[in-house]
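Trainee: Quick one: the structure is below, and I'll ask about it shortly.
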Amino acid sequence: MITPDVYLEIVRQRMVADGCTVSEEYVCSKATLVGYRAQTRALTRMYVFTVCAAVDRVEKAGLSDFVNAAVNLGLNRKGQWRGMQSGVIVLPVLVTTAIEESAIALTQKVHRLHSAGFAALAQPAVVDMFTGTVWTFRGTRVWGYAHNSLIKQKFSKYLPEPFEKSCIL
């Protein structure tokens, strides 16, 4: 089994290979890897932020707090002019060796941003290093349907299953 820090280095390499600008920042007082890339999809300029951190344990409340902080980071950076032809997608990712069932349940549904969600989407994921599973919603969104494939594409590019041969250095 690889460590969460090694996994994050693999994620960093994959984001750089995809053309992301990558930085290290603090989100929710956690050292966090932030990847940013803008691209056009469905005639809309989308600003995609992938925000990843390693933690000892993921609980529902901690995951919610991290998702909210990651969304605020994306909206503060590129969200002031979002609308019909621009938007923000935030992919908050926690990498851990222990996860509560309630946190897994939270990742299995479409994440709603409510009033802050105008022209913004977020989809959290948790990478469980113990079981070798990436937990995230893999269905089809109704609201934001045009960007389903972009979200799935980014997760498949950046987050390998921890036990895949391509994940082992």
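The values are calculated or read from the model by the stated rules, or taken from the named source; none is laboratory data. On a predicted model such as this, the values are computed, not experimentally measured, just so you know. Ideal geometry is used to build each Cβ from the backbone, glycine not excepted, and the neighbour counts take in all protein chains shown.
Trainee: Looking at segment 1-49, which of its residues are among the small types (Gly, Ala, Ser), surrounded by fewer than 19 Cβ atoms within 10 Å (Cβ to Cβ) and in a strand (DSSP E or B)? If you could, list the steps in order and put the result at the bottom.
Mentor: To start, the set of residues in segment 1-49 that are among the small types (Gly, Ala, Ser) comprises 17, 19, 23, 29, 31, 35, 38, 42.
Adding the requirement that they be surrounded by fewer than 19 Cβ atoms within 10 Å (Cβ to Cβ) leaves 17, 19, 23, 29, 31, 38, 42.
Correct list: Ser23, Ala31, Ala38.
Trainee: List the helices (runs of 4 or more DSSP H) that sit entirely inside segment 58-169 and contain at least 1 residues that are aromatic (Phe, Trp, Tyr) and modelled with pLDDT of 90 or more.
Mentor: Result: 60-78, 148-158.
Trainee: If you don't mind, there's one more thing I want to ask. Taking Ala98, is it farther than 26 Å from Ser149 by Cβ, among the aliphatic types (A, V, I, L, M) and in contact (Cβ under 8 Å) with a residue 40 or more places away in the chain? Break it down into steps so the answer makes sense when it comes.
Mentor: On the way: farther than 26 Å from Ser149 by Cβ: yes; among the aliphatic types (A, V, I, L, M): yes; in contact (Cβ under 8 Å) with a residue 40 or more places away in the chain: yes.
Answer is yes for this residue.
Trainee: Could you list, in sequence order, the residues of segment 24-33 that are in contact (Cβ under 8 Å) with a residue 12 or more places away in the chain and more than 12 Å from Tyr158 (Cβ to Cβ)? Steps first, answer last, please.
Mentor: Going through segment 24-33, the residues in contact (Cβ under 8 Å) with a residue 12 or more places away in the chain turn out to be 25, 27-28, 30-33.
Once the filter is applied, which keeps residues that are in contact (Cβ under 8 Å) with a residue 12 or more places away in the chain and more than 12 Å from Tyr158 (Cβ to Cβ), segment 24-33 yields Glu25, Val27, Cys28, Lys30, Ala31, Thr32.
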